[in-house]
Amino acid sequence: MTSTGSTDITIYQAYLPHDDAQAAIAFYRDTLGFEVRKHVEYGDMHWITVGPPGQPDTSIVLHPPTADPGITDDERRVVAEMMAKGTYAGINLATPDVDATFERLQAGSDDRVDVVSEPTDQPWGVRDCALRDPAGNMIRIFEVK
């Protein structure tokens, strides 16, 4: 299949798991500065939609990772183990100044920022930093000018 023009497909939502709704809200709203757009509760489960201000058409849905009724107890255990190690999910974000963003995140974190790597020039030509959210999700922030 050959592309003959621009696409009208955009990124609408990405999903990341969370295991503590209040910690997730504090991190994404208070630390990253995202808006909380929806917070849906069903029993003790929470689906939280967040997104960057000024980008209403792009969101992250923070979801309970084991809410699917088809998931087995063994699969729930594996998911919980992978989340604890930070290997289950991640997302790449972008900013025009990764150093300033990293400093802002560090200054206002109240220990919510688990730094994996400080801003670094990567051998593949980008500058980025990496951190984990309270659920262990890997968040890389790339400098994009």
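The values are calculated or read from the model by the stated rules, or taken from the named source; none is laboratory data. Not measured: the values here are computed from a predicted model. Here Cβ is always computed from backbone atoms with ideal geometry, including for glycine, and neighbour counts include all displayed protein chains. With ligands, DNA and RNA removed, areas are computed over all heavy atoms of the protein, side chains included. Shrake-Rupley method; radii C 1.70, N 1.55, O 1.52, S 1.80 Å.
Here are the numbers for this structure:
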{"read-out": "Residue in the stretch 99-112 that is at pLDDT 95 or above, surrounded by fewer than 17 Cβ atoms within 10 Å (Cβ to Cβ), in contact with a strand residue (DSSP E or B) (Cβ under 8 Å, 6 or more places away or on another chain) and within 23 Å of ASP30 (Cα to Cα) present", "value": "yes"}
{"read-out": "Residue check for THR120: over 15 Å from the mean Cα position of the chain (by Cα) and in a helix (DSSP H, G or I)", "value": "no"}
{"read-out": "Criterion: open to solvent by less than 20 Å² (accessible area, probe 1.4 Å) and farther than 27 Å from VAL126 by Cα - qualifying residue of ALA80, ALA67, ALA84, ALA21", "value": "ALA21"}
{"read-out": "Conditions (1) more than 24 Å from TYR12 (Cα to Cα); (2) surrounded by 13 or more Cβ atoms within 10 Å (Cβ to Cβ); (3) at pLDDT below 95; number of the one not met by VAL126", "value": "(3)"}
{"read-out": "Leading residue by the ranking (surrounded by the fewest Cβ atoms within 10 Å (Cβ to Cβ)) among those in the stretch 24-61 that are among the small types (Gly, Ala, Ser) and outside any loop (DSSP other than H, G, I, E, B)", "value": "ALA26"}
{"read-out": "Conditions (1) closer than 18 Å to HIS18 by Cβ; (2) in contact with a Pro (Cβ under 8 Å, 6 or more places away or on another chain); (3) aromatic (Phe, Trp, Tyr); number of the one not met by PHE102", "value": "(1)"}
{"read-out": "Which numbered condition VAL115 misses (of (1) open to solvent by 30 Å² or more (accessible area, probe 1.4 Å); (2) in contact with a strand residue (DSSP E or B) (Cβ under 6 Å, 6 or more places away or on another chain); (3) more than 20 Å from PHE142 (Cβ to Cβ); (4) not in a helix (DSSP H, G or I))", "value": "(3)"}
{"read-out": "Single residue of GLY51, GLY70, GLY43, GLY86 found to be closer than 24 Å to VAL144 by Cα and not β-branched (Val, Ile, Thr)", "value": "GLY51"}
{"read-out": "Cβ-Cβ under 6 Å pairs, at least 6 apart or on other chains, the stretch 65-85 side free of Cβ contacts under 8 Å to residues at least 60 places away in the same chain, far side among the polar types (S, T, N, Q) and assigned to a loop (DSSP other than H, G, I, E, B)", "value": "ARG76/THR66"}
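The rows are residues; the columns are (1) touching an Asp or Glu at 6+ places or on another chain (Cβ under 8 Å); (2) basic (Lys, Arg); (3) on the phi > 0 side of the Ramachandran plot.
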position: LEU62; (1), (2), (3): no, no, no
position: GLU75; (1), (2), (3): no, no, no
position: GLU81; (1), (2), (3): no, no, no
position: LYS85; (1), (2), (3): no, yes, no
position: TYR88; (1), (2), (3): no, no, no
position: PHE102; (1), (2), (3): yes, no, no
